[in-house]
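The values are calculated or read from the model by the stated rules, or taken from the named source; none is laboratory data. Model, not experiment: these values are computed from the prediction. Cβ: placed from backbone, ideal geometry, glycine included. Neighbour counts: every protein chain shown.
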Amino acid sequence: MTELVDAFRAMDTDKVIQLALEHRSSDIYENDTDYTLLSLAIEFIEDENTRTEIIEFLVKNGQDIDEQFGETETTVLIDACRAGDLKLAEFLLNLGADVCATDRNGWQGIHHA
């Protein structure tokens with residue numbers, strides 16, 4: 001996963017896309033459920049346009065927008081709501097994120113908004 005994280009940190013979109021096409025979440029993380037490709041994109045890509053392009057690309061190429069990760073089994077939508085990022089939350093909903101998805105504690109994004 002180091003290569004993928006390095007690509008996100010360097011904002012090397014070509015490398016991120018290459019790795020995303022070569023792998024799926026289940027074999028990138030080597031049993032590490034702390035991150036998903038989408039959560040890494042949100043965390044490391046600061047440029048909003050690049051971030052939305054990468055997220056849209058990942059979802060359209062099979063990444064599960066509702067995949068849970070981390071200790072709280074959160075989703076990227078729940079994290080966006082928790083962070084108060086309404087624009088990102090709306091974008092994720094438009095891509096098909098499940099508004100009813102819950103974390104380990106049964107909380108939805110609306111509980112964090």
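Quick rundown of the values:
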read-out: Residue 65 more than 24 Å from residue 10 (Cα to Cα) and in contact (Cβ under 8 Å) with a residue 24 or more places away in the chain; value: no
read-out: The stretch 51-67, residues that are in a helix (DSSP H, G or I) and among the β-branched types (Val, Ile, Thr); value: 52, 54, 55, 59
read-out: Any chance residue 50 is crowded, with 17+ Cβ neighbours inside 10 Å, β-branched (Val, Ile, Thr) and more than 18 Å from residue 22 (Cα to Cα); value: no
read-out: Enumeration of residues in the stretch 73-98 that are surrounded by 14 or more Cβ atoms within 10 Å (Cβ to Cβ) and part of a loop (DSSP other than H, G, I, E, B); value: 73, 75, 85, 95, 97, 98
read-out: Members of the stretch 68-113 found to be farther than 22 Å from residue 57 by Cβ and charged (D, E, K, R), listed by number; value: 71, 73, 82, 103, 104
read-out: Pick from the stretch 26-47, criterion of a type in the set (Ser, Thr, Tyr) and either in a loop (DSSP other than H, G, I, E, B) or modelled with pLDDT of 80 or more (or both), ranking: surrounded by the fewest Cβ atoms within 10 Å (Cβ to Cβ); value: 33
read-out: Test for residue 84: is it at positive phi, of a type outside the set (Phe, Trp, Tyr), modelled with pLDDT under 90 and over 10 Å from the mean Cα position of the chain (by Cα); value: no
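Each row is one residue, and each column tells you yes or no for (1) crowded, with 17+ Cβ neighbours inside 10 Å; (2) more than 20 Å from residue 88 (Cβ to Cβ); (3) at pLDDT 75 or above.
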| residue | (1), (2), (3) |
| --- | --- |
| 4 | yes, yes, no |
| 24 | no, yes, no |
| 62 | no, yes, yes |
| 65 | yes, no, yes |
| 71 | no, yes, yes |
